[in-house]
1. Go through the range A:22-34 and count every residue that is more than 14 Å from chain B (Cβ to nearest Cβ) and within 14 Å of the chain's Cα centre (by Cα).
2. Would you mind finding the one in A:PHE233, A:PHE166, A:PHE221, A:PHE139 that is among the aromatic types (Phe, Trp, Tyr) and in contact (Cβ under 8 Å) with a residue 60 or more places away in the chain?
3. Residue pairs, Cβ under 6 Å, 6 or more apart or interchain, first in the range B:202-216 and within 10 Å of chain A (Cβ to nearest Cβ) and in contact (Cβ under 8 Å) with a residue 12 or more places away in the chain, second assigned to a loop (DSSP other than H, G, I, E, B) and of a type in the set (Ser, Thr, Tyr). List them.
4. So if I check each of A:VAL164, A:VAL156, A:VAL192, A:VAL168, which one is among the β-branched types (Val, Ile, Thr), more than 30 Å from B:LYS224 (Cβ to Cβ) and crowded, with 21+ Cβ neighbours inside 10 Å?
5. So which residues in the range A:219-230 are of a type in the set (Phe, Trp, Tyr) and within 12 Å of chain B (Cβ to nearest Cβ), if there are any at all?
6. Check whether at least one residue in the range B:238-250 is in contact with a His (Cβ under 6 Å, 6 or more places away or on another chain), crowded, with 23+ Cβ neighbours inside 10 Å, among the hydrophobic types (A, V, I, L, M, F, W, C) and under 30 Å from B:VAL55 (Cβ atoms), and report yes or no.
7. Kindly establish whether A:GLN66 is closer than 24 Å to A:GLY326 by Cα, polar (S, T, N, Q) and over 22 Å from the mean Cα position of the chain (by Cα).
8. What about B:PHE27, is it surrounded by 24 or more Cβ atoms within 10 Å (Cβ to Cβ), at pLDDT 95 or above and not small (Gly, Ala, Ser)?
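The values are calculated or read from the model by the stated rules, or taken from the named source; none is laboratory data. Computed from a predicted structure; not experimentally measured. FYI the Cβ positions are ideal-geometry reconstructions off the backbone, even for glycines, and counts take in every protein chain you see.
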Amino acid sequence: MSRLTKMALMASVLACSVAGAAADTIKIGINQPLTGSVAASGNFITDGAKLAAEAINEKGGVLGKQLELVIEDNKSNPSEAAAAAEKLISRDEVSAMMGAWGSSFTLAVMPKLQEYGIPMVVETASSSKVTSAGNPWVFRIAPTSEMEAKAFGQLVPEFAMKKVDFLVVNNDWGLGAAGEFGKMLKEQGVEVGMTETMDPAAQDVSAQLAKIKASDADTLFVTTGYEQLSLVFKQLKALDVNRRVITTGGSQFPDRLAEQLGSAADNSYHILFFAPWFPDAAANPEVAHGYIDQWNQKGYDKSGLSDGFRGYDAITAIAAAVEAAGSADPEAIRDALWKVDVKGVNGNIKFQKVGVEGSESGQSSPNVYVVEIKDGKLALP
Amino acid sequence: MDQLLQHLLNALILGSTYALLGIGLTFIFGIMRVVNFAHGEFYTFGAYMVYLFSVTLGVNFLLAIVIAIVLGILLGAVVEWLLLSKHRGADIDTTMLIMIGAWIIMQNAEQLLWSGVAKSIPMPFPEDPLTVGSVSVAWARLFVFVMATLLIIGAQMLIQRTRLGKAMRATFQDTATASLMGININMIYLATFALGSGLAAAAGALLGPIFIVIPTMGNLAVIKAFAIVILGGLGNMKGAALGGFVLALVEEFGAGYVSSGYRDAMGFLLIILVLMVKPTGLFARTERIG
């Protein structure tokens with residue numbers, strides 16, 4: 001064994017004993033992508049989680065104990081997400097977890113929850129598989145694509161659409177969104193044209209857009225993350241495609257799009273789960289204001305507000321469950337999560353039983369907000 | 001018909017940057033036989049340098065591109081001197097592992113310095129596209145096409161017409177003889193790697209402002225670069241240039257007329273076909289370098 005490995009071993013033993021000494025806290029594991037392709041969003045969510053823990057601790061914590069967040073990086077990779085969960089559960093002995101950003105990471109973590117009996121609040125993930133797998137340790141505050149489509153359905157008449165096309169990222173999230181929104185629109189009598197897909201890492205989508213340009217639809221639905229979205233808008237402009245664009249998914253950062261793209265993003269609408277530019281339009285304005293003030297006090301990047309709230313709400317829900325459980329025992333927290341009814345930034349968090357009978361998963365019903373980019377500025381439509 | 005013309009135009013412009021990437025890797029992989037997985041990181045480096053100089057420091061956009069290319073060449077020289085020069089004549093696996101290490105270090109350094117948040121570089125061109133009939137192209141893309149074409153011609157001239165190019169060709173044809181003729185072999189390796197890296201940085205510097213700049217942008221670029229080099233025939237510069245355009249055409253028409261979900265698969269399908277039918281590459285003549 002080299003000297004370096006010996007030193008590393010000693011250091012890790014030391015770190016373990018220090019962690020073990022702090023027993024007066026309630027440990028919550030955070031499983032987020034802090035590096036890799038979706039790192040930007042994962043960091044914002046982690047920041048939001050820290051703010052919620054801080055606010056709770058300032059008021060005296062939960063059950064007289066302080067909340068301690070144990071943060072692990074899942075490196076934007078499903079197998080790393082499962083490894084991070086394993087580490088959080090068996091080495092850090094957390095009482096509950098929040099994670100794991102996105103359907104594929106979350107699905108990779110889920111078997112661990114069942115194996116060890118640890119509840120997890122899922123802050124981001126749209127695939128219906130997460131809550132239909134019969135895993136009774138999963139509690140999701142993020143909406144499924146179906147819920148998102150349904151909520152947006154009430155606003156469809158205002159847009160007077162005749163025919164729509166879809167351009168979506170080629171994974172569970174994008175294809176799920178195209179399927180659910182297409183179904184909802186058809187029920188409302190809107191014609192559904194083509195569905196084009198793009199690789200999550202693709203930078204050039206001009207081939208897809210040339211095809212869309214030739215279509216006679218009046219509206220284009222786009223589902224992908226902010227990075228690819230800004231490329232889509234740039235290339236729509238370059239190919240002179242002029243039609244209404246509606247984006248879905250909740251991680252679009254419309255403020256950054258408006259700032260960076262100027263007129264290229266005009267005439268676009270964005271379906272979000274929190275619109276930090278209009279806190280008074282939120283379901284719980286006082287919670288929204290509190291969260292925004294806290295975020296700004298820390299000097300965090302303002303554009304992260306629309307992602308960070310998910311971490312904030314997840315920790316709020318977990319803390320409420322610990323309070324109701326009266327102990328830090330994972331099973332007691334799981335049972336108490338069913339009784340949670342708290343005010344979050346997005347709206348009220350309350351879990352309904354969904355999925356396989358007898359081993360239901362929890363699903364909260366989040367609110368949906370639409371923001372428009374008009375003359376390079378954000379507006380409520 | 002309109003759609004066909006638009007696809008053709010898209011492919012031509014995309015192909016020019018693919019060609020640039022492919023030629024850069026031809027220097028390093030095709031000629032030097034270093035399996036350079038870090039090639040995409042030089043591409044990313046070029047893009048971030050344009051961001052640094054043009055956005056953060058406020059230097060003129062065109063000057064920022066030139067600076068990025070020069071820095072790319074310098075970084076290539078440093079990497080060659082620091083990591084590869086000590087392993088001259090080593091097994092191809094050894095240098096490959098070294099370059100995988102360089103790839104990981106460079107990508108994480110970019111993440112550390114600029115975070116994972118995507119950066120956008122504004123370009124001093126009109127926002128409205130140039131529209132002829134029903135076909136449209138952004139001015140920025142036209143600029144990239146012209147610059148890439150000039151760089152491709154420049155690289156070709158360098159290899160064929162200059163003393164340095166002659167020395168490079170001699171070295172990689174027969175290192176021992178070239179050395180006996182008084183060619184400084186170490187300098188030639190250094191210059192070749194630096195030039196190849198410089199071309200990758202140039203591709204990144206040109207494409208970064210059109211796309212967006214993120215630390216992982218090189219991952220797909222490096223795979224495509226390898227595909228282009230294999231398509232064109234190892235060590236064949238003209239082949240790599242043509243290979244770039246062929247790959248872009250196949251991707252564009254595959255996405256446009258077959259299925260956009262398989263856009264990237266089309267290119268790789270083509271490579272498998274080429275390897276089965278003509279394993280030396282589409283444009284390879286007899287074994288020749290340069």
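1. So the first thing to find is which residues in the range A:22-34 are more than 14 Å from chain B (Cβ to nearest Cβ), and the list is A:22-31.
Within this subset, residues satisfying the condition of being within 14 Å of the chain's Cα centre (by Cα) are A:30-31.
Of the residues in the range A:22-34, 2 are more than 14 Å from chain B (Cβ to nearest Cβ) and within 14 Å of the chain's Cα centre (by Cα).
2. Numbers: A:PHE233 fails: in contact (Cβ under 8 Å) with a residue 60 or more places away in the chain; A:PHE166 fails: in contact (Cβ under 8 Å) with a residue 60 or more places away in the chain; A:PHE221 fails: in contact (Cβ under 8 Å) with a residue 60 or more places away in the chain.
Of A:PHE233, A:PHE166, A:PHE221, A:PHE139, the one residue that is among the aromatic types (Phe, Trp, Tyr) and in contact (Cβ under 8 Å) with a residue 60 or more places away in the chain is A:PHE139.
3. That search, which allows pairs on different chains as well, returns B:ILE212/B:SER120; B:THR216/A:SER37.
4. On the way: A:VAL156 fails: crowded, with 21+ Cβ neighbours inside 10 Å; A:VAL192 fails: crowded, with 21+ Cβ neighbours inside 10 Å; A:VAL168 fails: more than 30 Å from B:LYS224 (Cβ to Cβ).
The conditions single out A:VAL164.
5. First, pick out the residues of the range A:219-230 that are of a type in the set (Phe, Trp, Tyr): A:221, A:226.
A:TYR226 - this is the single residue of the range A:219-230 that is of a type in the set (Phe, Trp, Tyr) and within 12 Å of chain B (Cβ to nearest Cβ).
6. Step one: list which residues in the range B:238-250 are in contact with a His (Cβ under 6 Å, 6 or more places away or on another chain), which gives none.
Checked against the condition, which is being in contact with a His (Cβ under 6 Å, 6 or more places away or on another chain), crowded, with 23+ Cβ neighbours inside 10 Å, among the hydrophobic types (A, V, I, L, M, F, W, C) and under 30 Å from B:VAL55 (Cβ atoms), the range B:238-250 yields no hits at all.
7. Working: closer than 24 Å to A:GLY326 by Cα: yes; polar (S, T, N, Q): yes; over 22 Å from the mean Cα position of the chain (by Cα): yes.
Yes: the conditions hold for A:GLN66.
8. On the way: surrounded by 24 or more Cβ atoms within 10 Å (Cβ to Cβ): yes; at pLDDT 95 or above: no; not small (Gly, Ala, Ser): yes.
Taking the combined requirement at face value, the residue does not satisfy it.
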